[in-house]
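Reading through the structure tokens given below for one structure.
The values are calculated or read from the model by the stated rules, or taken from the named source; none is laboratory data. Keep in mind the model is a prediction, meaning the values are calculated, not measured. For neighbour counting, all protein chains shown are included, and Cβ atoms are generated from backbone atoms with ideal geometry for every residue, glycine included. Each accessible area value is taken on the protein alone, full model and side chains, heavy atoms only, with ligands, DNA and RNA left out. Shrake-Rupley method; radii C 1.70, N 1.55, O 1.52, S 1.80 Å.
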Amino acid sequence: MAQVEATTERVVGADAETVFDAIADYSGTRAKLLPEHFSEYEVREGGDGEGTLVHWKLQATSKRVRDCLLEVSEPTDGELVEKDRNSSMVTTWRVTPAGEGKSRVVVHTTWQGAGGIGGFFEKTFAPKGLGRIYDQVLGKLATEVEK
């Protein structure tokens, strides 16, 4: 099994604190940011950053659906980590200032991929697909925080 990684980033027209607060707001803003690839969204504990437990299903392809139960932590300022209890998937959100009134948001996801030929295809194609999904999320985030 090889580690699979996907990274997406975008500069948005809002300060880092505003952007981070929107990302960490699982009980409000976060649901609005999710494209059609996400379903069954439910906050099970908390709802604002550290200590949140959130569930969703992520349909990356027509045949591949992940049932995700994510524990949220904030290990450092401007960083939000979502660890899936149902798999090895970990998604890290980093928000840093990028000039006056702007922020850079980086979403980095890792997981242990399958072995063999399936793992080869997963490592080759899954990062691109997940990157497209998170690019949509970041586009919606920009629309939300730049209001």
If you check V19 against the conditions, is it surrounded by fewer than 16 Cβ atoms within 10 Å (Cβ to Cβ), in contact (Cβ under 8 Å) with a residue 40 or more places away in the chain and in contact with a strand residue (DSSP E or B) (Cβ under 6 Å, 6 or more places away or on another chain)? no
Is it the case that some residue within region 4-13 is open to solvent by less than 80 Å² (accessible area, probe 1.4 Å), modelled with pLDDT of 95 or more and over 18 Å from K147 (Cβ atoms)? yes
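State all residues of region 78-90 that are touching a Cys at 6+ places or on another chain (Cβ under 9 Å) and open to solvent by 70 Å² or more (accessible area, probe 1.4 Å); if no residue qualifies, say none.
R85, N86
Criterion first (within 16 Å of L138 (Cα to Cα) and of a type in the set (S, T, Y)) does Y26 satisfy it?
On the way: within 16 Å of L138 (Cα to Cα): yes; of a type in the set (S, T, Y): yes.
Taking the combined requirement at face value, the residue satisfies it.
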Select from region 97-126 the residues that are within 22 Å of K83 (Cβ to Cβ) and in a strand (DSSP E or B) and write down the one among them that is modelled with the lowest pLDDT. Q112
Say whether the condition of being open to solvent by less than 80 Å² (accessible area, probe 1.4 Å), more than 17 Å from V4 (Cβ to Cβ), of a type in the set (A, V, I, L, M, F, W, C) and assigned to a loop (DSSP other than H, G, I, E, B) is met by at least one residue in region 26-46. yes
Filtered residue count, region 52-77, keeping only those that are part of a loop (DSSP other than H, G, I, E, B), open to solvent by 50 Å² or more (accessible area, probe 1.4 Å) and among the polar types (S, T, N, Q): 3
